[in-house]
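*Asks:* Quick one: the structure is below, questions incoming.
The values are calculated or read from the model by the stated rules, or taken from the named source; none is laboratory data. Bear in mind the structure is a predicted one, so any value in this text is a computation, not a measurement. Backbone-built Cβ (ideal geometry, glycine too); neighbour counts: all protein chains shown. Areas reflect the complete protein model, heavy atoms only, side chains present, ligands, DNA and RNA absent. Shrake-Rupley method; radii C 1.70, N 1.55, O 1.52, S 1.80 Å.
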Amino acid sequence: MIDMNPSTNSPAQTELGTSIGKAPGSGKWFDRKTRLRWSNKIFRMVCIASASFVCLVLLCILILMLRTGVLTFADVSLNEFFFSTNWDPENEHYGALTFILGTLALTGLTMLMAIPISVIIAVFLAEMTPIWLRQVLRPVLDLLVGIPSVVYGFLGLTILIPWLRDISGRDLADGLLAASIVLTIMVLPTISRISDDAISAVPNKYRDAAYALGTNRFQTVTRVVLPAARSGIMYAIILGMTRAIGETMAVVMVIGNTAQLASSLFTPTAVLTSNIVMQISSVEFDSTWNHGLYMMGFILLAISILMIVIVRLLQKRGDRNV
Amino acid sequence: MKKWIKPFTAMLMAVSLIGGLGGATTASAAKSTEKGKIVINGSSALLPLTLQAASEFKKDNPKVKISASAAGSITGPQSVRKGIADIGAVDWDASKDVPGFKKFDGMVANPVAVTVFTAVVNTNVGVSSLTTKQLQDIFSGKVTNWKDVGGANANIVVVNRKFGSGTRVNFQQKALDGKDFMSKGDNYKEVGSSGDMKTTIETTPNAIGYIDLPYVTSKMKAVSINGVAPTEKNVLNKTYKVWGIGYYMTKGQPTGATKAFIDYIQSSKFQNGSLKKLKFIPLAAVK
């Protein structure tokens, strides 16, 4: 996944062609040479078709969501939808700002907690663990990714929230903090495993050189290894972040599902995903409410795409400086 | 796209799913020639009944596959209208207009059971009876402390069902006399299904919510309304008012396996047997 030296991994296009071109042929119309060329061509076509299929699906989803979503604005002004916090569809108020801000806050808070912890886990796994422990820990982390999010949500509801209630002294501890703790636990394995791969892929000569210059282990890790693995770690963070933004089932169980701006970390609130999943099945099709939910889905997608683009740009700039 | 997004969310939110593995019994046990697939969606209050009926029905009709899920009452008739479910379980008669929801044209409401709804509180709450007025005040957010309604000095946590829930419609109409719910506040949250309501009330001190009787467990307390306890006896002697009839909505008159299943659930064998055991009340009893 982490491509440190792209040039060695992908053979140049011309090499493939020439090797086939040199293959001895019998001269018949369907000899080994022709067969090879055709199977090569077909394989290439299949790959291209698969790749474009994915793009096509994404494009279709985008277009459909946007097309259904914009119907909202036949009844609701852009201003109200994006800049009002009054979400009360039963009385024709469609202000989605609460959910947009909630999503951004939740993702931000999650990343704030998840990134340091998971990078430390990754460093520990890649740099400091004895091999036998590493061989145990890596599969364990991989398994954590596979636990369904409902399970995380249920544990959050039955264990985390009563605990938060005790320490905060609130009557109801549902809210951004509970949701971001659950999300942090969910994205930890994703970010730490991919970062771990990135750190392990840093060539040992970098470390040797650093030690030769007299640095200690901490300095080697923070000044040499982490910067060298930077793009891989960034990649891990993007994946973790998109999971955090889009995660629904776990969040809906611990966030409280109340359409109000959170005044504290323990105020029940709602985010785009939780609001969509709570309401979309109960709402009349082809109603403004339904269109509004589609629009919120589109906004969610737009936010993730925007974040991915921003991180990619940051990453590029970083690479140039190194 | 709209066609698949709804069953997908419904699946996610399903309290429980039963797979179509009805053919497990031996071939000689086949007492019926009915075959086909019945998809049921809708009310989570009726889900325990549907699941029980489905497992019994499949014993007699091994060739019928039944899958049931619940994402709230209004999803029932909506899924039927969109053709993704054969039966839409709903806690009110969806072939007529009710406050907040328009009627579904061309659908037939098949009554299946009487559901009793009750206000429930966490076991730590000292209050065991509330008046209609007190319930209205609590659920509208006017009263926020248990001491104002005869309990200990503690903040009230109000748990509400989301819009589209049949339990919510019935509770609002019959326990709150149509008064509105609150929709904001530090001690207010909404949950998606009866199962979520059960978990939340069980685990949240000072919480009040409402649910139908089959979901009431020993970890929560059912509250008497105006001094009348929510029991079958009190419904039958007409002192307890918070109950409703659950319906299976079908597109037109039911046919084939769907009809056989509805007939089974309406049969006196099921009505007086398993249905009663699950704390629903047979239809015949209230008529």
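*Asks:* Hey, can you tell me all the residues within the range A:121-155 that are within 23 Å of the chain's Cα centre (by Cα) and not in a helix (DSSP H, G or I)?
*Replies:* Let us first name the residues in the range A:121-155 that are within 23 Å of the chain's Cα centre (by Cα), namely A:121-126, A:137-155.
Matches in the range A:121-155: A:147, A:148.
*Asks:* Residue A:298 fails exactly one of the following numbered conditions: (1) open to solvent by less than 30 Å² (accessible area, probe 1.4 Å); (2) within 14 Å of chain B (Cβ to nearest Cβ); (3) within 19 Å of the chain's Cα centre (by Cα). What is the number of that condition?
*Replies:* (1)
*Asks:* Of all residues in the range A:156-173 being assigned to a helix (DSSP H, G or I) and touching a residue at least 12 places away in the same chain (Cβ under 8 Å), which is farthest from residue A:251 (Cα to Cα)?
*Replies:* By that ranking, first place goes to A:168.
*Asks:* Here is a further query. Given the structure, is residue A:242 over 16 Å from residue A:94 (Cα atoms), in contact (Cβ under 8 Å) with a residue 40 or more places away in the chain and within 9 Å of chain B (Cβ to nearest Cβ)?
*Replies:* No, not satisfied.
*Asks:* Sort out which residues of the range A:134-164 are within 14 Å of chain B (Cβ to nearest Cβ), open to solvent by 60 Å² or more (accessible area, probe 1.4 Å) and among the hydrophobic types (A, V, I, L, M, F, W, C), and write them in order of number.
*Replies:* A:150, A:151, A:154, A:155, A:159, A:163
*Asks:* Failed condition for residue A:170, given (1) buried (at least 18 other Cβ atoms within 10 Å of the Cβ); (2) at pLDDT 90 or above, with all others met?
*Replies:* For residue A:170, the exception is condition (2).
*Asks:* Could you check, for the range B:103-124, whether at least one of its residues is under 30 Å from residue B:267 (Cα atoms) and without any contact (Cβ under 8 Å) to a residue 40 or more places away in the chain?
*Replies:* yes
*Asks:* Taking the residues in the range B:179-193 that are of a type in the set (Gly, Ala, Ser) and under 17 Å from the mean Cα position of the chain (by Cα) as candidates, determine which candidate is farthest from the other protein chains (Cβ to nearest Cβ).
*Replies:* In this case the residue turns out to be B:193.
*Asks:* Could you check the range B:194-204 and list, in sequence order, the residues that are more than 10 Å from chain A (Cβ to nearest Cβ) and touching a residue at least 24 places away in the same chain (Cβ under 8 Å)?
*Replies:* Residues satisfying the conditions are B:194, B:195, B:197, B:201.
*Asks:* Which ranges mark the helices (runs of 4 or more DSSP H) fully within the range B:239-287 that have 3 or more residues being open to solvent by less than 40 Å² (accessible area, probe 1.4 Å)? Please lay out each step first, then the result.
*Replies:* Working: elements: B:256-266, B:268-272, B:274-277, B:283-286.
In the range B:239-287, B:256-266 are the helices (runs of 4 or more DSSP H) which contain 3 or more residues that are open to solvent by less than 40 Å² (accessible area, probe 1.4 Å).
*Asks:* Among (1) open to solvent by 20 Å² or more (accessible area, probe 1.4 Å); (2) of a type outside the set (Phe, Trp, Tyr); (3) facing another protein chain (nearest Cβ under 8 Å), where does residue B:222 come up short?
*Replies:* Failing condition for residue B:222: (3).
*Asks:* Is it the case, given these coordinates, that residue A:274 is modelled with pLDDT of 90 or more and not aliphatic (A, V, I, L, M)?
*Replies:* In short, yes.
*Asks:* Additional query: Note down all Cβ pairs under 7 Å where the first residue falls in the range A:265-288 and is within 9 Å of chain B (Cβ to nearest Cβ), the second is surrounded by fewer than 24 Cβ atoms within 10 Å (Cβ to Cβ) and of a type in the set (Asp, Glu), and they're at least six residues apart or on different chains.
*Replies:* Partner pairs satisfying both residue conditions: A:267/B:186.
*Asks:* Out of the residues in the range B:167-178 that are closer than 19 Å to residue B:199 by Cβ and of a type outside the set (S, T, N, Q), which is farthest from the other protein chains (Cβ to nearest Cβ)?
*Replies:* Selected residue: B:171.
*Asks:* Out of all the residues in the range B:146-166, which are closer than 18 Å to residue B:92 by Cα and facing chain A (nearest Cβ under 9 Å)?
*Replies:* If the condition is that a residue be closer than 18 Å to residue B:92 by Cα and facing chain A (nearest Cβ under 9 Å), then B:162, B:163, B:164, B:165 are the ones that fit.
*Asks:* Another question about this same structure. Take residues that are in contact with a Pro (Cβ under 9 Å, 6 or more places away or on another chain) and open to solvent by 10 Å² or more (accessible area, probe 1.4 Å) and tell me which of the helices (runs of 4 or more DSSP H) falling wholly in the range A:174-270 contain 1 or more.
*Replies:* A:249-254
*Asks:* For the range A:44-74, which positions are open to solvent by 70 Å² or more (accessible area, probe 1.4 Å) and not aliphatic (A, V, I, L, M)?
*Replies:* Scanning the range A:44-74 gives A:44, A:53, A:55, A:67.
*Asks:* Scan (1) within 14 Å of chain B (Cβ to nearest Cβ); (2) touching a helix residue (DSSP H, G or I) at 6+ places or on another chain (Cβ under 9 Å) for the single condition residue A:36 breaks and write down its number.
*Replies:* Here residue A:36 meets the rest and fails (1).
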